[in-house]
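Read-outs: derived from the displayed coordinates by stated rules, not from any lab. Note that this is a predicted model, so its numbers are computed, not measured. All Cβ positions, glycine included, derive from the backbone under ideal geometry; neighbour counts span all protein chains shown.
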Amino acid sequence: MVLVLASSIESKLVEATVKLLEAAATWLPSDVEAALIKAYEVEDNPVTKSFLKAMIDNVRIAREKRLPICQDTGVAMFYVRVGDKFPYTSLLPSVFRKALVEATRRIPLRPNTIDVFSGKNPGDNTGRYMPWIEWDFVEGWDLAEVTVLLKGGGSEVVARAKNLIPAEGIKGIIKYVVEAVYEAGPQPCPPVVVSVGIAANVAMAVRLAERGLLRPIGQRHEDPEVARLEETLLEAINRVGFGAHGMGGRVTALDVHVDYAPRHPATLSVAVLMNCWAARRATMRIYPDGRVEYITHPQLNREVA
Amino acid sequence: MRTPLSEEDVRKLNVGDVVYLSGVVVTMRDAGHRRAVELLARGEKLPVDLRGLALYHAGPVVRRVGEGWEVVVIGPTTSTRMEVYEYEVIEKTGVRMVIGKGGMGPRTAEACKRFGAVYTVYPGGAAALQASQVKRVLDVHWLDLGVPDAMWVLEVEDLGPLTVVIDSKGRNLYDEIYREARRRIDEEIYPKLGIK
């Protein structure tokens, strides 16, 4: 009896996760779409405007036809915030793997995982450690919040991280971020979302920057000093003048997110990650009774009900 | 514009021009370029004669339909990775237009000038829009490289907006935008923030 229940909840969660992947691939979150429309309104370079128009049209077509927004559907990364009282934690890795294989076939997603040594592409987006899962544990919660991020290769090749000398301070961080955006140029498909992590080592800095990519556009850090740094960086980056796809313009970044942990006496580690304009993410919550609620795409809740 | 493109056609184009292309485009990205350059170095032919056609840095999402294929969505990949190969490809195939995103370097610009070709960019990520501009899949080669890296031969209609970023006169639009960006960073942004 228990086994039957487990398998029925598993297949229900697989289906819900396929839907989550489909939402991420085909339906840009409303905060990102609104930021693109705003960028279109403030630009006056006609080539840049025509590119932004094509991008905004594309978002609408993708949503209506349920087609991937971008052909590079990335490598699937799952971010899970799971409560210690959530009953299905051990099911999740196999749920995500099955859902990814099914979503690759059904949406479809582009098969993007290539074995490093053999060069073989299994064709279903799986592979060693894939899909990648990052876990955060939340004390007292009886639910799980699952976010999937589909991030393409173009925005990944411009990622960078470094240990600065502590004497370089916040100004050193600003310079490092501005130079990262300059060197990236049109490659990551601007206007980008820039996410910065500052910490005692590179591993921590990357982890913080990664989670910053999940934060909605327009949402500032809760610490006013960090929020000010975000605004300083956003203004500086937009004065660089690349605009959409480097055609020249006022909006090179849709937003900048910063988070930090303490530094070490000898290090000031900084990581800069970027997401392309098609900043695709989708979040759902799974409740202890197996019910699923879509957070970034609430319109889907009607379809499920 | 329509393929086959003549040298005269592409030599009329200037950086910043916006064009729409109809006819035949052939995709090649990282692994395809590597294979193409190896074949060309040995004096062998590619599966498709690229003379007068457009070469597209893209890896589509495709679906099997009966015996054939359908492009579900398609869009450009970052071209900078193909910079190491493109001079030889332009020289030895006679391709007239390279389509991608993100820009290309001085060797490609030199090949465009010498052999009469242009590099254009399509707005990256606008893949659903572009799928409607692909009429059909004419052929596919090198599927052993995997779907993204295979050579897809596509019939397109009014593919665009394509902006000319490298013309055949030695101009590179992105170089100019980079130079202006550097000037703004050094003369405006850093001084205002007290950064040396």
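One table, with the values for the structure above:
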quantity: Euclidean distance between Cα centres, region A:1-60 to region A:202-254, Å; calculated: 20
quantity: Relative contact order (%) - criterion: Cα under 8 Å, at least six apart; region: chain A; calculated: 24
quantity: Gyration tensor over alpha-carbon atoms, region A:206-271, equivalent ellipsoid semi-axes in Å; calculated: 24, 14, 12
quantity: Convex hull projection area averaged over all views, region A:154-275, Cα basis, nm²; calculated: 6.4
quantity: All-pairs Cα distance distribution in the protein assembly as shown, expressed in whole percent, bin size 20 Å; calculated: 23, 54, 22, 1
quantity: Total formal charge among the other residues, if their Cβ is under 10 angstrom from that of B:V62, Lys/Arg +1 and Asp/Glu -1; calculated: +2
quantity: Integer Hz, Karplus 6.51/-1.76/1.60 couplings in order for region A:68-80, x for Gly and Pro; calculated: x, 4, 10, 5, 8, 8, x, 10, 5, 10, 9, 10, 10
quantity: Cβ-isolated cysteines (cut-off 4.7 Å), chain A; calculated: A:C70
quantity: For chain A, built as a Gaussian network whose Cα springs stay under 10 Å, the top-fluctuating residue of A:G152, A:G246, A:G74; calculated: A:G246
quantity: Low-density loop positions, GluC sites (Glu not before Pro), region A:120-158 - DSSP coil, at most 12 other Cβ in 10 Å; calculated: A:E139
quantity: Computed [θ] at 222 nm, deg cm²/dmol, chain B (DSSP H ≥ 4; -39,500 (n - 2.57); rounded to nearest 500); calculated: -8500 deg cm²/dmol
quantity: 10 Å Cβ neighbours from other chains, averaged over peptide B:93-103; calculated: 2
quantity: Coordinate range along principal axes, alpha carbons of region B:89-156, Å, largest first; calculated: 32, 26, 19
quantity: Charge dipole (chain B, unit charges on Cβ, about Cα centre) - positive-most of B:P106, B:A54, B:S79; calculated: B:P106
quantity: Beta bridge orientation in chain A: antiparallel %, DSSP, nearest 5; calculated: 70
quantity: Cα-based Kirkwood hydrodynamic radius, chain B, one decimal, Å; calculated: 17.2
quantity: Peptide B:127-136 - average C-beta neighbours from other chains (10 Å radius); calculated: 6
quantity: Separation of the B:K169 and A:R60 label points, Cα + 7 Å toward Cβ, nm; calculated: 3.6
quantity: Pairwise FRET efficiency - B:R63 versus B:S22, Cβ, R0 = 35 Å, nearest 0.05; calculated: 0.90
quantity: Per-residue ³J(HN,Hα) for region A:185-190, Karplus 6.51 cos²θ - 1.76 cosθ + 1.60, θ = phi - 60°, Hz, x for Gly and Pro; calculated: x, x, 4, x, 6, x
quantity: Estimated translational D of region A:1-126 in µm²/s (Stokes, Kirkwood radius over Cα pairs; 10 °C; 1.306 mPa s); calculated: 93
quantity: Long pairs among B:K101/B:K192; A:K151/B:K101; A:K19/A:K120; B:K12/B:K101, criterion Cα-Cα beyond 23 Å; calculated: B:K101/B:K192; A:K19/A:K120
quantity: Counted charge near A:V194, where neighbours are those whose Cβ lies closer than 11 Å (Asp, Glu -1; Lys, Arg +1); calculated: -2
quantity: Cα gyration tensor shape for region A:110-167, rounded if a/c is under 1.5, else prolate or oblate; calculated: oblate
quantity: Net charge of Cβ neighbours under 11 Å - reference A:N121; Lys, Arg +1; Asp, Glu -1; calculated: -2
